[in-house]
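The values are calculated or read from the model by the stated rules, or taken from the named source; none is laboratory data. A quick note: this is a predicted structure, and the numbers were derived from the prediction, not measured. Positions of Cβ are generated from backbone atoms using ideal geometry, with glycine treated the same way; all protein chains shown enter the neighbour counts.
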Amino acid sequence: MKIAIVDDIATNRELLRERFEAAGHTTIEAADGVEALQILASEKVDAVVSDILMPRMDGYRLCHEIRTNDQLRDLPIVIYSSTYNSPSDEKLALSLGADKYLQKPAPFESILIALREAVAMSHTAARPEVWKEVEVLKEYSDRLVAKLEERNIELAEANERLMILDSAKAEFLGIISHEFRTPLCSLINTGELILDGICSPEDLKELRVAFERSRLRILSILDDALFLARIDVNRERFGSTLVSLSAVLVRAIESTTEFGESRHVTFAMPSASPDLVAGDEELLVRAFHSLLETAVKFSEEGETVRLAQEVVADSLVVILESHGRTISTAALPRFFEIFSIEETLTPGGDLGLGPPVAYRILSLFGASVSVVNLDSPGIRLTISIRKAVPSGGRL
């Protein structure tokens, strides 16, 4: 079988050419639809494999031109593209004349099967007696493609886990060099001043406060860094039970009250709700504790961090609002990334690893968290967690 490969990326064409030729087929290549039509006008091919997004003439237009050409209209066409975003993309390609639509990256065996089916279908137009054979082949190929795709997903997930683990090691090393610098400088300076004996009692009191904050910050950063390094990307390791969201919020507020009082910030607890969520109570308390601390750091003295809880479809939504400071426009999209906020915040201090720790914990249980700036000024943190239905206590 002679196959025309149409793709504007040379490496893509080369990869398909090598695999088709290894399977015993011959190929011819074109960089876009215009070049493909010129080749098809002078050379006979058995099928076309085409990308969609290409210069001069894309894959959609190429399908239309082939189907409206009397000499080419029966030529089998397989679209193989990475532009698939919705069923409407596939529907458009098929309506314009494509016989098959495959999304990159697809196993090469599925491309071969799609081509053979397209060629067989074009040949059976005048041979209805072989339709039954084609249907049997299609059923077999569908099962094979399903198994290949399942295996491909497993390999992709394994590769993603390896990438995350590798990234976690790099993040941890970065944390050691970056996050410890500021509190360590404060500790060193304090020690130098004390050793030099130049401190008055008033200065010594202020330095002790700075010393204690730096000490606690180092312990907090170390704890969060080790937790991030310990998170296993295999989510089955984190068991989910039925957890009372109200109980989680109460515990998180209790654990953050002292921190809020040190900055003269209070909390307004929402009304209790009987709704349950799926997750691990200790981890969820830790996530909300980190987010409450973040809200305090964006609050001015004397302000109150307000909590609200509402039901949206099959999810419970918790909203935290603080008033005092907003996030810079550049940092807002990266708020939950490590090292996303580098500048010192006032009056609450550096954010540390609180937001990324909360984000990762919530993602373990299919929950999400987002942040926006308020006009007041201030910030709003929105946490969405799936409601759980009791079923014997475990999910």
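Selection of segment 35-51 for residues being surrounded by 14 or more Cβ atoms within 10 Å (Cβ to Cβ) and either touching a residue at least 60 places away in the same chain (Cβ under 8 Å) or out of contact with any Leu (no Cβ under 9 Å at 6 or more places or on another chain) (or both) yields E35, I39, D46, A47, V49, D51. Only residues that are small (G, A, S), closer than 18 Å to A93 by Cβ and not in a helix (DSSP H, G or I) were counted across segment 1-58, and they come to 4. Checking each residue of segment 10-31 against the condition of being farther than 28 Å from K147 by Cβ, touching a residue at least 40 places away in the same chain (Cβ under 8 Å) and under 30 Å from the mean Cα position of the chain (by Cα) gives no match. The residue list A98, A93 contains one member that is in a loop (DSSP other than H, G, I, E, B) and under 39 Å from the mean Cα position of the chain (by Cα), which is A98. The residues in segment 268-291 that are modelled with pLDDT of 85 or more and among the polar types (S, T, N, Q) can be counted, and the count is 1. State yes or no: is R73 in the same structural domain as R116 (by TED's automatic domain parsing), without any contact (Cβ under 8 Å) to a residue 40 or more places away in the chain and not in a strand (DSSP E or B)? It is true that R73 is in the same structural domain as R116 (by TED's automatic domain parsing), without any contact (Cβ under 8 Å) to a residue 40 or more places away in the chain and not in a strand (DSSP E or B). On the basis of being assigned to a loop (DSSP other than H, G, I, E, B) and either over 18 Å from V372 (Cβ atoms) or at pLDDT below 85 (or both), does E343 make the cut? Yes. Within segment 251-284, track down each residue that is of a type outside the set (V, I, T), assigned to a helix (DSSP H, G or I) and in contact (Cβ under 8 Å) with a residue 12 or more places away in the chain. Correct list: R251, A252, S255, F259, G260, E281, L283, L284.
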